[in-house]
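Quick note: the coordinates plus some simple rules give every number you see, no bench work behind them. Just so you know, these numbers come straight off a predicted model, no measurement behind them. Here the Cβ is made from the backbone with ideal geometry for all residues, glycine too, and neighbour counts use every protein chain on show.
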Amino acid sequence: MRSWVKGGLVLALLLCLVVPSALAAVQAKNLLNNGSFDSGLKKNIPVSWGTEYYNSSLVTGRSPGSKAILINNAEFKESMGAQEIPLDQDKIKRITVTTQVKGENIEQGAESWMKGNLQVLFFDQAGNQVGGWPELGPWIGTFGWTKITKGFIVPKGAKKVKVVFGLNGAKGKIYFDEILLTARPKTKDPNNLIASGDFGIWEDWAYGGSTNWQVFYPGYKGEGALRITNDAAMWSFASQSIPLNGQIVKKIKVEGNMKVENVVPGGKPWQQARINLEFKARSGKRIDGWPIVAEMTGTSDWKHVSGTFDVPAGTSRVDVFAGLLECAGAAYFDNLKMEGFDQRGNKVKIGQDAKTNTASWFKFNPPKTLDLRPRPTSRSSSTPPPASTGS
């Protein structure tokens with residue numbers, strides 16, 4: 001074999017090995033400066049994290065030799081660090097923010113939002129805030145180092161993002177380390193009709209019920225899992241509404257991972273931790289009850305759960321619910337997935353359910369020249385048509 005051929009094969013093999021890892025490295029690049037706090041202090045403030053002192057100091061991080069920031073409030077006050085960076089919504093649609101956080105005796109201030117927190121705030125070119133108050137927290141009490149990861153949709157018009165962390169009107173001690181903000185890749189599963197079934201992007205879900213919930217790390221697999229806790233029996237659910245054309249999608253399979261801790265059932269047998277569905281007509285009317293994917297009580301480690309269901313005639317959408325139905329305890333959910341199948345058993349891709357599958361239709365071949373001249377009729381153009389007599 002000629003040497004240039006050998007060289008080309010070697011180069012191709014190297015590119016196959018190096019390029020994917022290089023792309024992954026670029027994709028995972030931290031867009032924040034000094035997220036590890038290893039760059040030290042400037043005027044007693046962590047480099048890149050503000051211009052005014054906020055009761056902060058550098059301490060040993062999660063591992064020997066690493067640094068973390070400690071914010072220590074002896075009284076109720078606002079002590080927050082911040083960093084603002086460019087972020088063009090036209091180029092970056094979704095982001096992931098991760099941090100390691102630890103708390104010691106954090107007490108809430110006079111308002112419910114006065115706690116420890118890390119917020120991700122977006123601004124347009126003029127400096128107007130867009131997209132509300134996204135956050136990774138809030139946190140109170142005492143807890144060890146915990147990794148928190150959350151994904152966010154970058155709001156329309158955003159040109160800058162500001163990461164703000166610390167004690168927001170609270171007192172106590174809070175520690176942060178390894179704050180990362182990275183561009184988030186698009187979904188990799190075109191067949192999963194559920195958006196963010198790993199709860200990586202919370203904005204894809206709606207929620208109602210107990211205030212004691214969060215995307216909890218570690219999840220069963222991936223960045224995190226949804227954890228909902230009811231101190232007393234009540235209705236607490238995350239939900240998502242998914243367009244589903246019952247004329248095309250004839251069957252769905254729903255699966256995921258679920259675990260429970262000390263779930264006490266309510267007074268009715270169906271009042272448990274559960275994943276269930278509601279098929280809806282275009283009018284919003286529910287069709288065929290509340291199909292159950294899984295339900296649990298007591299304490300159980302992670303289990304894979306699944307169910308397959310016929311799509312009722314007239315279905316326009318399906319609503320997915322995961323949570324606690326009038327019962328107390330904690331429930332965790334992760335990796336929720338829904339696959340749709342047409343009449344032939346073929347999987348339906350995202351967005352495909354709204355279109356008719358024309359794969360087996362005959363090709364339309366119109367004539368190259370169409371005769372668009374008006375055709376003569378037996379009635380004079382000046383004679384009006386007869387009036388309708390009704391029925």
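When only alpha carbons are used to place a centre, the range 198-223 and the range 57-130 end up 19 Å from one another.
Once the Cα-Cα distance is subtracted from the 0.36 nm per residue extended length, the Ile92 to Phe76 segment shows a gain of 2.0 nm.
Measuring max minus min along each principal axis, the C-alpha atoms of the range 187-354 give extents of 44, 34, 25 Å (largest first). What residues from the range 312-341 fall in the zone where the backbone N is under 20 Å from a label point 7 Å along the Cα-to-C-beta line of Lys303? Residues 321-338 qualify, since their backbone N sits under 20 Å from the label point. Taking only the C-alpha atoms of the range 27-185, the Rg (one decimal) and the largest Cα-Cα distance, Dmax (whole number), read 15.1, 43 Å. If you plug the beta carbon distance of Ile350 and Trp113 into 1/(1 + (r/R0)^6) with R0 = 30 Å, you get a FRET efficiency near 0.25. Ranked for footprinting exposure by Cβ neighbours inside 10 Å, fewest first, Phe216, Phe143, Phe237 give Phe143, Phe216, Phe237.
Local charge for Leu121 was computed over the other residues whose Cβ lies under 13 Å away, with Lys and Arg +1 and Asp and Glu -1, and equals 0. Near Ser48: Cβ cut-off under 11 Å, other residues only, Lys/Arg at +1 and Asp/Glu at -1. The net charge is 0.
Taking 0.36 nm per residue of sequence separation and removing the Cα-Cα distance, the Lys251/Thr142 pair yields an extension gain of 34.5 nm. Here r is the Cβ-Cβ distance between Ile45 and Asp288 and R0 is 45 Å; the resulting FRET efficiency, rounded to 0.05, is 0.15. Peptides 74-82, 126-134, ordered by how many other C-beta atoms sit within 10 Å of their residues on average, highest first, read 74-82, 126-134.
Scanning residues 5 or more positions from Leu32 or on other chains, those with amide H under 5 Å from its amide H are Leu181, with H placed 1.01 Å from N in the peptide plane.
Between Trp133 and Val264, the FRET efficiency estimated from the beta carbon spacing at R0 = 41 angstrom works out to 0.75.
Fully extending the segment from Arg62 to Ser36, taken as 0.36 nm per residue of separation minus the present Cα-Cα distance, adds 8.3 nm.
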